[in-house]
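Here's the structure, in structure tokens; my notes come after.
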Amino acid sequence: MDNNHEQLFNRLFTDTFTPLFRFANARLNDAHRAEELVQDAFLIAVDKMDEVAASKNPEGWLMNTMKFLILHENRLRSKGAAIIFEYEQVNDYELASKDEYIAETRSMFSDEEWWLLRVSCIEKLPVGIIAKQMGLPYETCKKRVQKVKRIAAEKYDEYRKT
């Protein structure tokens, strides 16, 4: 990153971190995850600094990136939670169907994937805490959580089509 890009990044970080965090937190209702997404937005900005610098409105570019990240997060959260809890919509008198759904859904995932899906989508633990519990570096854990959410979303879409 050249000196001009570094100055632009520092200015953007100083001027927009708090507004981006407030925006994300208001939409996610999760301060830890909001902060993670703001950091992700800045990482994307670093990777695409030429594009950011060429933009007439770098702050707007960053805000649009933040909006996309929030939209993506909400999609993954809702589908991940839905695949686990859809069985609750089964009539209580159909316990065999309910138990069958739970077993079928559970069988789609390894033990680690199921645990990651549960703690990230249902308990909404931040990646940093999950990483500490698993004894993994933050970035490795983040990638695993993203992967299991993506798998859950795909499996949920397949399930809903049947």
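Each part reduced to its alpha carbon centroid, region 136-153 and region 1-49 end up 21 Å apart.
Based on the inverse mean of 1/r over its pairs of different Cα atoms, what is the Kirkwood hydrodynamic radius of region 3-73, in Å? All intermediate terms of the calculation are to be shown ahead of the outcome.
Details: mean 1/r = 0.0832 Å⁻¹.
With all distinct Cα pairs of region 3-73 included, I get 12.0 Å.
Of the cross-linked pairs K67/K124; K67/K143; K48/K143; K56/K142; K124/K149, those separated by over 22 Å at the C-alpha level are K56/K142.
Taking 0.36 nm per residue of separation and subtracting the current Cα-Cα distance, fully stretching the chain between K143 and N10 would add 45.2 nm.
Each value in this text was obtained by applying a stated rule to the coordinates, not by laboratory testing. From a predicted model like this one, the values you see are computed outputs, not experimental measurements.
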